[in-house]
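The block underneath contains the structure these notes are about, expressed in structure tokens.
The values are calculated or read from the model by the stated rules, or taken from the named source; none is laboratory data. Just so it is clear, the structure is predicted and the values come from calculations on it, not from any experiment. Heads up, the Cβs are rebuilt from the backbone with ideal geometry, glycines too, and the neighbour counts pull from every protein chain shown.
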Amino acid sequence: MQFFRPMHAVKAMTFDLDDTLYNNDPVIRQADTTLTHFIHAHFPLASAMAPKQWGDIRRDVIIKDGRLASDMGELRRQVLSKALYADVNSGNTQYATLNEAVEACFNCFYAARSNFKLDDSVHDTLNVLSKRFPLIGITNGNVDSEKIGITPYFDVILHASMTRPMKPHRAMFDEAAEKLALPTQHILHVGDNLIKDVYGALNAGYQAAWFACNRPMMLNNEPVKLLPHVALSTLHELTHFR
């Protein structure tokens, strides 16, 4: 544990999820592969599209509605809607409507995206902390928190959406502080990203703990706007706060 700033007493904690509690990259890669296989089996025209075409669709729907950049679920649905239209319209698939096709693909991805288990040490740490502090999740992603087994530890988990701009925007930090009914200087946010989590938390008046489970934590390899209050060597070090 390395301290960069003096700290106030910690009375609540908020947590990023992806790459803080678990390594998200291999999970997403596997989910993308699962979805690709599903599309190949059911949507011949969409499966023939090049990666650039998928990227162009994604870019175009975000340009049309910038709020989609904060809502990974709705963004994926919008992209799938554009990509699957030709198959459904031409009768090349078993799905009778575009909505059915989109939901089948989305559910395929979402099930795979949340198909992993957290390390026992993460459960142990969250269990200890949840008995001492109110905990709130603040995530830009859309993992199924119930499926991965973390819901019991948190009072609520806030997901970025069309109405909740993603971090580092302060909207979710402000919402969490309102739910906690605490001065922000007594809330410690824990996250892996020095911009989205650390800068976002500090900008909202929080204290910030930097912890990344998916990479070596070397400041000279990271984009840095502001230093955190503390950098953790392990997530379990949070149990030192009382």
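Assorted remarks:
Rundown of residues vs (1) touching a helix residue (DSSP H, G or I) at 6+ places or on another chain (Cβ under 8 Å); (2) part of a loop (DSSP other than H, G, I, E, B); (3) surrounded by fewer than 19 Cβ atoms within 10 Å (Cβ to Cβ), yes/no style:
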{"position": "ILE138", "(1), (2), (3)": "yes, no, no"}
{"position": "MET166", "(1), (2), (3)": "yes, yes, no"}
{"position": "GLU178", "(1), (2), (3)": "no, no, yes"}
{"position": "LEU182", "(1), (2), (3)": "no, yes, yes"}
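- Residue check for ALA83: touching a Phe, Trp or Tyr at 6+ places or on another chain (Cβ under 7 Å), surrounded by 12 or more Cβ atoms within 10 Å (Cβ to Cβ) and in a helix (DSSP H, G or I): yes
- Condition met for LEU84 (at pLDDT 95 or above and over 25 Å from THR163 (Cα atoms)): yes
- Selection from region 187-240 of residues that are in a strand (DSSP E or B) and either hydrophobic (A, V, I, L, M, F, W, C) or out of contact with any helix residue (DSSP H, G or I) (no Cβ under 8 Å at 6 or more places or on another chain) (or both): ILE187, LEU188, VAL190, ALA208, ALA209, TRP210, VAL230, ALA231
- Pairing each residue of region 80-109 that is in the same structural domain as ALA50 (by TED's automatic domain parsing) with any residue that is polar (S, T, N, Q) and surrounded by 15 or more Cβ atoms within 10 Å (Cβ to Cβ), provided the two are 6+ apart or on different chains, yields C-beta distances under 6 Å for ASP87/THR93; VAL102/SER81.
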